[in-house]
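All remarks here apply to the structure that follows.
The values are calculated or read from the model by the stated rules, or taken from the named source; none is laboratory data. None of the values given here were measured: they were computed from a predicted structure. We place every Cβ from the backbone using ideal geometry, glycine too, and count neighbours over all the protein chains shown.
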Amino acid sequence: MIDLLSFEEALEKFDPALGLEVHVELNTASKMFCGCPTEFGAEPNTQVCPTCLGLPGAMPVVNRVAVESAMRIGLALNCEIAEWCRFARKNYFYPDMPKNFQTSQYDEPIAFEGYLDVDVDGESFRIEIERAHMEEDTGKSLHVGGATGRIHGSDYSLVDYNRAGIPLIEIVTKPIKGTRDQAPEIAKAYVAQLRELIVALGVSDARMDQGSIRADVNLSLSPAGDGALGTRTETKNVNSLRSVERAVRYEMRRHAAILDGGGSILQETRHWHEDTGITTSGREKSDAEDYRYFPEPDLVPVAPSREWVEELRGTLPEPPRVRRSRLQADWGFSDLEMRDTVGAGALGLVEETVASGASPQAARKWWLSEMARRANDAGVEITDLGVTPAQVAEVQRLVDAGSLNDKLARQVFDGLLAGEGTPGEIVAARDLAIVSDDVALGAAVDNAIAANPDVADKIRDGKVAAAGALIGAVMKEMRGQADAGRVRELILEKLS
Amino acid sequence: MTSIQDGTRRTAAELADALAAGEVTSVELTQAHLDRIGAVDGAVHAFLHVDAEGALAQAGVADERRRAGKPRSMLDGVPIAVKDVLATRGLPTTCGSKILEGWVPPYDATVVARLRAAGLPILGKTNMDEFAMGSSTEHSAYGPTRNPWDLTRIPGGSGGGSAAAVAAFEVPLAIGTDTGGSIRQPAAVTGTIGVKPTYGGVSRYGLVALANSLDQAGPVTRTVLDAALLHEVIGGHDPLDSTSVDQPLPGLVEAARLGATGDLTGVTIGVVTELGGEGYQSGVLARFHESVDLMLAAGAEVVEVSCPHFVHALAAYYLILPAEASSNLAKFDAMRYGLRVLPDGVESPSAEEVMRATRDAGFGDEVKRRIILGTYALSSGYYDAYYGQAQKVRTLITRDFEAAFAKADVLVSPTAPTTAFKLGEKLDDPLAMYLNDLATIPANLAGVPGISVPSGLAVEDGLPTGVQILAPALADDRVYRVGAALEALLAREWGGPLMDQAPPLVEEGESA
């Protein structure tokens, strides 16, 4: 274990250059080159056929929807779309790769030369995109026995080919320079905002935790002010936005320590360990690694017509950052409020809740406090919680109408999550509505006055502030369902 | 001869007519061919697997359809054999390799599916050079096939099994595959008909790829008309093969019937300068020139055309083929199917060690040789000099064809430079073996169709020779028209088909 240089010292001596390779698993109904379904989580080896199992004689056929998704991603990243491109075979042996070559694209990607502007601390930073290309995923190995879950030291391995052949788009940036101390943050922001774009395009589930978005982080350092690119490492297995940031920071400090000690960086693949926050050496990736790419002879070239490209351009959603500024202006959110909303993955939910009639602040309040907490407790994404924006808006409408207060509203959400029906039905069934009927309230107020004669005297003496204690007593008797404003009025009327 | 024995001597077209007329049943025919296989295949070894039970069951169903007046096709009930490189559901498929020993595919190749759909009972799977690498069928891991004309000689390759099965009257029809001549060269040396269709004309789905950009399945028969009938059953677009041509086949049977009149008026025949002369056996050339003279006499115009880049075809082919093959064969890794060999003396071997031991034990020398060649040709730093350069040669050869077809409707040459050589003769000399495909390879590089038609027996050894007729891509009808014409013209000369001159096989003498 080496002693890392501090982040500050690393920056003092070196300039970082980043490169990000993001794999996006498309949400097409069928695989890249066959008709097998792509649903996540099926029984192992139940979504396979001769083609995706690589049986002798089987042949691939390109999934048109996947090509369309690839082009839409390319267009959204301001890329050129190839007029003619081919698939290529990337040859290497691995047990979870059925054909021992991956059908990918090599020197003829479907999309190239684009950019994504990302917002970092309110400033825009342009990330140049080198290419976005189509390829197929591999199967998944499960190494049984041994301490690490890695192939080394395991007793045996099982392979699930359900994932083999699922369409992937690999998006590769050009070297990102000039980030200085913002390197970790920019890397994170890029992946986050790329993910946002993918979500807006609707072409992927975009779940980092399920591996439908996977980031590989390339990093190199060069002596401060030098300008040239140093030797890079490629860190794999970076499965969360936070890890992207941490991995960049870690590798910067590790590289700096090695270079500062007069050592040199080994060009290699490294594994990120979420738990310990470090990277370890994977396989060595030198120039000797030769994938023997050549054009896939079983597939014909992909030559999208310009009409098709323009038709797809017409289907692009509003770019997320444009949408963000528009919504922020519409809603009057502060930068902090906006960032929290985006960070919680609740932008779309708040938007829909507002569209269903709630005020922006109310919508934000429910999603970011109540719903975020419940999602966190349940261990699900906020979008998968099971409460809809329309329901949240309806609850808020009841609050605005004075039928519910916040405390009662939370009980309505309990009911919604328990599947007890609509907000109105839950209010009725649980008897949650606020009581503002003077007869019922008057009785409770009389009881409170009788039970607290000293407080009543104070109010009679003009100490109106003391009314709070009597309101509390009424609320207690009414199980929180009293209209607090009306109770105050009644108390003051009776004691005036 | 009884009528059943007679059945094995008849053409598929005749059998189809007899079935349609109710003169014979498919079960009788199938049984007759199974009996013939039983009698002669011990000597010929054309089959790797015979499915008597399955074939008879399919024949029984075909007979029911005939009785009900609902045949699925003209060839419904006519038995066929399939080269062991095509996946057959429920039937072993080995590609002539130990590494696939025992593998039973869970699916049918499209060609096989179409045979089944047309009602042809599948008798079994025929022998071949391992993964179709070879020109003699000696590279089969299951022992060589012998030439029915002379059992000490090779039947050509890689589809020697299909050609020998047809030549030995074990089956009237067979499917072969042709990557550099593997249908046409065996046809030439066994006195049979072999057709390599236009690239993309017949689906490759389920054909275990040797070289994907060159492979093409096609008919192996004893007459041109039979080949046309079979071609129309297996050909046509297949959505499972992206490289298959999405347009209707030209009328092949019609073209064969037209050609059978023997009239070639209005047809220009180009003799390719580069495919003849040095390296060709004199008896082969003599029969070739006789054929050209006959066609001239039948009204054809004959011109000489030059295809200057053909001299580089063999070199380009032996870069492209191994390159593609090295990648195709990577899937044979013991992980999912086929042979699995555990390395000796290794306590708990890694996946990589198992792969290595399996591939070492499972592949033969010729396969290993080509994997090494192909891996080298694709390596970084060599790609441009080898694979890249070979692709350029390929383009030049395609242009040669285009220029030649501007002058002639079809091109002709001897199919193979020599007649069948002795078993073992070229086994230790890969280059001499590769030269067998000198004349057939250009058609694969350019994707054009070709047929081999028997042109007689070479004077010096009395063995069959063949003429190759090539046509532009998608003009497969031309090879049938000219092929049928030549067949008819030669039959008039000989007083019957060449196969009538084939010597009886040893077992026939014994059983007689």
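Data overview
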{"read-out": "Residue check for A:A375: exposed (fewer than 13 other Cβ atoms within 10 Å of the Cβ) and either more than 23 Å from the chain's Cα centre (by Cα) or within 24 Å of A:A344 (Cα to Cα) (or both)", "value": "no"}
{"read-out": "Region A:287-339 - residue that is among the charged types (D, E, K, R) and within 14 Å of chain B (Cβ to nearest Cβ) and, of those, surrounded by the most Cβ atoms within 10 Å (Cβ to Cβ)", "value": "A:E296"}
{"read-out": "Residue match in region A:463-478 (condition: of a type in the set (A, V, I, L, M) and either touching a residue at least 40 places away in the same chain (Cβ under 8 Å) or assigned by TED's automatic domain parsing to the domain that holds A:S356 (or both))", "value": "yes"}
{"read-out": "Selection count where residues are small (G, A, S) and either outside any strand (DSSP E or B) or over 25 Å from the mean Cα position of the chain (by Cα) (or both), scope region A:122-140", "value": "2"}
{"read-out": "Residue check, A:C49 crowded, with 19+ Cβ neighbours inside 10 Å, closer than 30 Å to B:R204 by Cβ and either touching a residue at least 12 places away in the same chain (Cβ under 8 Å) or not assigned by TED's automatic domain parsing to the domain that holds A:S281 (or both)", "value": "no"}
{"read-out": "Condition met for A:D119 (over 17 Å from the mean Cα position of the chain (by Cα), farther than 24 Å from A:T51 by Cα and either part of a loop (DSSP other than H, G, I, E, B) or assigned by TED's automatic domain parsing to the domain that holds A:D226 (or both))", "value": "no"}
{"read-out": "Odd one out for A:E234, checked against (1) within 14 Å of chain B (Cβ to nearest Cβ); (2) buried (at least 17 other Cβ atoms within 10 Å of the Cβ)", "value": "(1)"}
{"read-out": "Qualifying residue in region B:393-405 (condition: in contact with a strand residue (DSSP E or B) (Cβ under 9 Å, 6 or more places away or on another chain), more than 12 Å from B:P322 (Cα to Cα), within 10 Å of chain A (Cβ to nearest Cβ) and surrounded by 16 or more Cβ atoms within 10 Å (Cβ to Cβ))", "value": "no"}
{"read-out": "Filter result for the condition that a residue is small (G, A, S) and modelled with pLDDT under 90, over A:A247, A:A288", "value": "A:A288"}
{"read-out": "Residue check, B:T145 under 23 Å from B:V189 (Cβ atoms), in contact with a His (Cβ under 8 Å, 6 or more places away or on another chain) and of a type in the set (V, I, T)", "value": "yes"}
{"read-out": "Condition met for A:G480 (outside any helix (DSSP H, G or I) and either farther than 26 Å from A:S403 by Cα or touching a Gly at 6+ places or on another chain (Cβ under 7 Å) (or both))", "value": "no"}
{"read-out": "Residues within region A:309-361 that are under 30 Å from A:A82 (Cβ atoms) and free of Cβ contacts under 8 Å to residues at least 24 places away in the same chain, tallied", "value": "4"}
{"read-out": "Among (1) in contact (Cβ under 8 Å) with a residue 40 or more places away in the chain; (2) closer than 19 Å to B:G200 by Cα; (3) surrounded by fewer than 20 Cβ atoms within 10 Å (Cβ to Cβ); (4) not aliphatic (A, V, I, L, M), the one test that B:P430 misses", "value": "(2)"}
{"read-out": "Scan of region A:455-471 for residues that are among the small types (G, A, S) and surrounded by 14 or more Cβ atoms within 10 Å (Cβ to Cβ), ordered by number", "value": "A:A456, A:A466, A:A467, A:A469"}
{"read-out": "Residue that is surrounded by fewer than 24 Cβ atoms within 10 Å (Cβ to Cβ) and within 11 Å of chain A (Cβ to nearest Cβ), where the choices are B:R114, B:R89, B:R72", "value": "B:R89"}
{"read-out": "Helices (runs of 4 or more DSSP H) wholly inside region B:233-339 containing at least 2 residues that are of a type in the set (A, V, I, L, M), surrounded by 24 or more Cβ atoms within 10 Å (Cβ to Cβ) and within 14 Å of another protein chain (Cβ to nearest Cβ)", "value": "B:313-328"}
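Yes/no matrix, rows are residues, columns are (1) of a type in the set (D, E, K, R); (2) modelled with pLDDT under 95; (3) outside any strand (DSSP E or B):
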{"site": "A:T148", "(1), (2), (3)": "no, yes, yes"}
{"site": "A:I151", "(1), (2), (3)": "no, yes, yes"}
{"site": "A:L158", "(1), (2), (3)": "no, yes, no"}
{"site": "A:A192", "(1), (2), (3)": "no, yes, yes"}
{"site": "A:A200", "(1), (2), (3)": "no, yes, yes"}
{"site": "A:V217", "(1), (2), (3)": "no, no, no"}
